[in-house]
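Below is one structure, written out as C-alpha cells; comments come after it.
Read-outs throughout are calculated quantities, based only on the coordinates presented, and are distinct from any laboratory measurement. Only a predicted model underlies this, so the values are computations on that prediction, with no experimental measurement involved. Cβ placement follows ideal geometry from the backbone for every residue including glycine, while neighbour counts extend to all protein chains displayed.
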Amino acid sequence: MKRGEMIDMKKFIPLAILALLIGPKPSIVLIHGAWADGSSWSGVIQRLQEQGYTVYAPPNPLRGLTSDAAYIASFLQIISGPIILVGHSYGGAVITNAATGNPNVKALVYIDAFAPDQGESLATLSSVPPPPGQSPSCVSGDPTQVFNFVPLTGGDIDLYIKPSLFPSCFANDLPPKEGAVLASTQRPFALSALSQTSGVPAWKTIPSFYLVGTIDKAIPPFAQLFMAHRANATIIEVRGSHLVMISHPEAVVDLINQAAHPMSDSSNPNSGLTLAPTSL
C-alpha cells in the first residue's frame, strides 16, 4: 500500500467508527392534525429530503384516536430501523398512542401538538380555562359559530372549521389568501373523536421534543407548555401560529434534527403530573 493510500485509510477508519457509533439515519414519519392533510408538511419534507432523510407523511384518518393511532402504529411496522415520529396538533395525540411499545421509535417530536396523558381526551385538554390575561382556544367557543356540521351515516358528524374563521384561527402568521386556500382544502374531523380518551402515553418512555408556537390561537401556548413540561420534553419556542410547520419549516426541521441525534437519557421525571386548571 502506498503512503498516500495509508493516509486516506487513516482518515476513513475514524469516520467508519463514527458511523457505527451513530447508527443508521432514522426515518422521519410526519403525522398531520385535524382539518389538514399531508401537504401541510411540504416545506418540512423538502428540507429533510435535502438532508438525506427518508420521510413519510401518511394520511391521518381523523376518525378517532383509537382507530387513528392503530392505523399509524400499523404503518410504522413497514419501516425498518430507527424512527423519529412527529405529530402536529391532533397528530400529537395520535403519535402519543401509536408509538407505545414500538422499540424502533427513538424520539417523539410535538409541533403545536396535543400530548395527552392516559385517560385524557381532546375535549378535556381543550376545556381547561386559560390563566388570567390569556385567551382560550379559538375553537372552544359556541360550536355553531366555529364549525360546519355534516351528518354521517351511523350517527356521527363531520366537523369543518368555518372558512371565515380558519385564516385568523389557524393561520394568523400566513397571508390571508394562503389561509383561505387551506380553509378550502381542509379535511373533516369526526365529532366523536373529541371525547375519545388516550391510552398509555409513549412520552413516558420515549424522549420527547416540543415546538411551542407562541402566537398559536388553536392550542394556546400555556396549554402547550404544560404538556411539554409534563412530558419532560426538550422545548423550543417560535413566534408562529398553529401552522408553524408552514410558516417556519426551518425551525421544525432544526428540532427534528435535534431529536435525530443519539440521546443518552430517556427518563421522564415529570410524568406523574395531571392536568388541572390550577396547573396551567
Rounding to the nearest 20 debye, state how big the charge dipole of the chain is about its Cα centre with +1 on each Lys and Arg Cβ and -1 on each Asp and Glu Cβ.
660
Which Cα, out of Pro207, Gly52, Gly91, lies furthest along the positive dipole direction of the chain (beta carbon charges, K/R +1, D/E -1)?
Gly52
Give me the number: length gained by fully extending Gln118 to Lys162, i.e. 0.36 nm times residue separation minus the C-alpha to C-alpha distance, one decimal in nm.
12.8 nm
Any chance you could give the angle, 0 to 90 degrees and rounded to 10, that helix 176-185 forms with the longest Cα principal axis of the chain?
90
Span per principal axis, largest first, for the Cα atoms of the chain (Å)
79, 42, 41
In the chain, lysine pairs closer than 20 Å at Cα, eight or more apart or cross-chain:
7
Calculated P(r) tail over 18 Å for the range 14-115, as whole % of Cα pairs:
45
What is the spin-label model distance, in nm, from Ala180 to Thr214 if the labels are put 7 Å beyond Cα along the C-beta direction?
3.1
In degrees from 0 to 90, rounded to the nearest 10, what is the angle of the helix 3-22 Cα long axis to the longest principal axis of the chain?
30
Under a point-charge model restricted to the Cβ atoms of Lys and Arg (+1) and Asp and Glu (-1), what is the dipole moment magnitude of the range 73-174 relative to its Cα centre, in debye to the nearest 20?
200
